[in-house]
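Peer 1: Structure provided below as structure tokens; questions to follow.
Every read-out reported here was derived from the displayed coordinates using simple, explicitly stated rules and does not represent laboratory data. None of the values given here were measured: they were computed from a predicted structure. Every residue, glycine among them, receives a Cβ derived from its backbone with ideal geometry; neighbour counts consider all protein chains shown.
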């Protein structure tokens, strides 16, 4: 894939625990890396639960492996002010130079 195909700016975030100044800790999300990505819509689905319609969407985010080698499934993506939960990461390309990340929006993290 050419660099020009990666035309969307995305942020990877990692959950960390920080002191809450009351002797405990709470979870917060911190920026891990910002990268250019190619984004492809893969699927969408609606379901009815407890009288409410819930919509979920799945996208594929393709990034350079060298930029995002530290990204793991427990991290998340922020794209266009929306949070996407990472479902899976695979390496592609003749030299495995790209990461293809499947992520879902509309579900609890």
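Peer 1: Would you please report the Å³ per residue occupied by the convex hull of the alpha carbon atoms in the range 54-98?
Peer 2: Values: hull volume 3.9 nm³, N = 45.
Here the figure is 86 Å³ per residue.
Peer 1: While we're looking at this one, here's another question. Arrange 87, 76 by Cβ neighbour counts within 10 Å, fewest through most, would you? Intermediate values should be presented prior to the final figure.
Peer 2: Numbers: 87 12, 76 20.
Lowest to highest Cβ neighbour count: 87, 76.
Peer 1: Related question: Note down the nm distance, to one decimal, between modelled labels 7 Å out along Cα→Cβ at residue 43 and at residue 72.
Peer 2: 2.6
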